Amino acid sequence: MSLLAPLMLLGLLGLGLPLLAHLRGREEPKRVRFAGLRFLGASDEVVTQRRRVRDGLLLLLRLALLLLLVLALTRPVSTGDARVAVLGEPHDAVLLLDASFSMNLARDGVSLRSASEDAAAAILEALPPGSRVGLVTTDPGGPRRELGADPERVRAAIAEWVAAAPRAGAWTLESGLPRAVALLRQAGEGQPGAAGRRVVYAIGDFTGRGLASLPPTAAADIPVLPVAASGRLDDPPPVPEHMSLESASWVPAREIDPRAVRISGAVRRHGGAGERGLAVLLRVDGEVAARVEVVAPADGLAAFEFTHIGAGVGPTPASVELAELADDPLPGDEARHLWLTGEDNVEVAIVNGDPSEMRAHDEVYFLATALAASASARRLRIHSLAPDQLAARLRDGDRLADVDVLVLANLRAPAEDIAPALRERVAAGMGLWISVGDRVEAGAYNERLGELLPLLLREPLVVGTAPGRNEAHSEGVAPPDLTHPIFLGLQGELGLLGTRTRRVFLLEPDPSRGAEVALSFTSGAPALISRPFGRGRVALLTTSIDRDWSDLPLRPGFVPLAERVLSWLDTGHPGAAAGQIVAGEPRRIAADGPVTVHTPDGRELVLPPERAGEAVLRDTYLPGHYRVTRGDATPLTFAVQRDPGESDTRNVAPRPPSRDGDQVLAAALHPRWRPLVLLAAALLLAETLLRARRRNQ
């Protein structure tokens, strides 16, 4: 316990005032004349003054009242667990609050989101006089407060935001830095802070997407100071045990029945000790269809599998749920939602641009082998096309309507006359995967398909070479970007560590294209890059999928990589990855007119097309089953899931705060004077009632 205004203790000297008032507050004696007094002679008066305290109970009430008021004015606080580094000079500050789903984790009944309110109060209390403070959250739709000298504005906004149960997306704490910097820049134009210093105080948890995602600076002149929502930066608190559904997917099981599907997945147990039994439920169309018991090891996975017979031709809503987890400290990640259907084949056409009788050098041998061994093999129907066959089909007016995903493997370049038809087919919803190699002509690709490429091609490069040097080196593959939809649900490394690549294709940087890097080389160069194009999607691999440039196809991670890329490129099937999106991810809907979206909570949202042939649903924060009606067109179904990466609450050490200039450490402070004020008000009421009673006696 400490005092923010210790000098107010001088007010205790005022405790003598009630005592003095009670000693001097005697009633004046009344003179009573009677006849016998006239026979007494005059003499000197003997004055006897005796002081004694009158109304002892009333005096005690007044002394206690004055004592409580003085203590309340000293503003006593208790120190919390979190410690924050605060600049010791006046400055402009923005509080950046983590709004992601992982902040719902509760410790001792208090969620990290609620604890962040106390951490923010600690910063506001410790800011030097003359500072200005603003507020943003990682949620783009969260509260935003401009910089101002009154911290109560920010405190009230945070309290209102926490009480309103904010929507929980999958934002990293780092993703909110641009908005914080913009707020500081905007406030600094024309009215800089007293000292011209600017700081971002980022409040979050110890996860890899929380404090560990923060860089040391938000800009060249704006340091980022991490603040733990709960605990201390140098001593993270233990993570309470909780359960989550890691994954759930399905494939047709026609060997059992034409309408049978096999549903499999995994349960993850975070923390704990020993083994724990769990019940997993399969719910089909709202009814419990099956139940299976699994045993989850400490901090590990437990696999499950269901076989369901009865999936019709049309999509049927289904969910996999964990049962009997009412006390889980991170509620909301115990279910995964699916759409089941008896017919869900994905037609994949692979164009081999460099066939060879030697399997190790055949362009598509490893890819075909990987897809045959994948878990989605029963759903995939793979067809091989020669380059001239592809050209012939497109020239004859066949728009590849029966192809869901087209793979161009080391193809020199599509012919100039068929390129427009290929672009139209991708814009209409077909997925396109391009892998490079010795035969690829960058100029021809850029000229004919540049409109849909994630980035324009430059030229191939032998890794590690430089002018004047002949020796070549190899380059590895970095861990995948787990925030990319291709790797939705992946935990940790994909299985590509140790990959060695000798040649890669360089790309032309162009931020305006909106391309996303899913996989990079250790040098930072893109290895797998993607981009939406119209209703379809495009993925570009900047090395080969045979042994000519890389040993990538020999790695154990090549099979899940190929499966994930093809599933993400397929946008037309409810069982595919394209039918599963993360909460908060916009859903693009192919439509020529208004569409109606039926949400899991019973709402009907009417969306007009934002541009020709496409409507966009952005309100996807509620997990569950969504159905889209589009006039006379076939209804569209998709499911929204919690990002499983948000359930990974393992402590990851953040970067230490960057100390620049005069800084002081301020403890997270919890005000304790409010109860004193309430108790003083109660004593004042008691003192009033007691005086009224004495007056009436």
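If you go through the range 417-454 and keep only what is touching a residue at least 12 places away in the same chain (Cβ under 8 Å) and among the polar types (S, T, N, Q), you end up with just Ser435.
Within the range 228-268, the residues that satisfy the criterion of being crowded, with 22+ Cβ neighbours inside 10 Å and part of a strand (DSSP E or B) are Ala228, His242, Met243, Ser244, Leu245, Ala248, Trp250, Pro252, Val261, Ile263, Val267.
Take the conditions (1) at pLDDT 75 or above; (2) within 30 Å of Pro223 (Cβ to Cβ); (3) of a type in the set (S, T, N, Q); (4) over 22 Å from the mean Cα position of the chain (by Cα); Gln663 misses just one of them, which is (1).
If you scan the range 201-250, which residues turn out to be under 30 Å from Phe638 (Cα atoms) and of a type in the set (Val, Ile, Thr)? The answer is Thr207, and nothing else. Among the residues of the range 265-284, some residue qualifies, meaning at least one is closer than 25 Å to Ile581 by Cβ and within 20 Å of the chain's Cα centre (by Cα). Out of the residues in the range 261-279 meeting the condition of being touching a Lys or Arg at 6+ places or on another chain (Cβ under 7 Å) and in contact (Cβ under 8 Å) with a residue 40 or more places away in the chain, tell me which one is nearest to Ala302 (Cα to Cα). The residue in question is Gly265. Here Ala373 qualifies as under 35 Å from the mean Cα position of the chain (by Cα) and within 22 Å of Pro553 (Cα to Cα). Here the strands (runs of 3 or more DSSP E) wholly within the range 138-227 that include at least 2 residues being without any contact (Cβ under 8 Å) to a residue 24 or more places away in the chain and either on the phi < 0 side of the Ramachandran plot or among the polar types (S, T, N, Q) (or both) are 145-148.
Sub-8 Å Cβ pairs linking a first residue in the range 231-244 that is under 21 Å from Asp299 (Cα atoms) to a second residue that is among the β-branched types (Val, Ile, Thr) and assigned to a strand (DSSP E or B), at least 6 apart or interchain, are Met243/Val267; Ser244/Val267, ordered by first then second residue.
In the set (1) within 36 Å of the chain's Cα centre (by Cα); (2) closer than 30 Å to Ser264 by Cβ; (3) in contact (Cβ under 8 Å) with a residue 24 or more places away in the chain, the condition left unmet by Leu408 is number (2). If the condition is being touching an Asp or Glu at 6+ places or on another chain (Cβ under 9 Å), buried (at least 16 other Cβ atoms within 10 Å of the Cβ) and either charged (D, E, K, R) or under 16 Å from Phe533 (Cα atoms) (or both), then the range 615-635 contributes only Arg630.
The values are calculated or read from the model by the stated rules, or taken from the named source; none is laboratory data. No experiment lies behind these values; they were computed from the predicted model shown. Methodologically, a virtual Cβ is constructed for each residue, glycine included, from the backbone with ideal geometry; neighbour enumeration extends over all protein chains shown.
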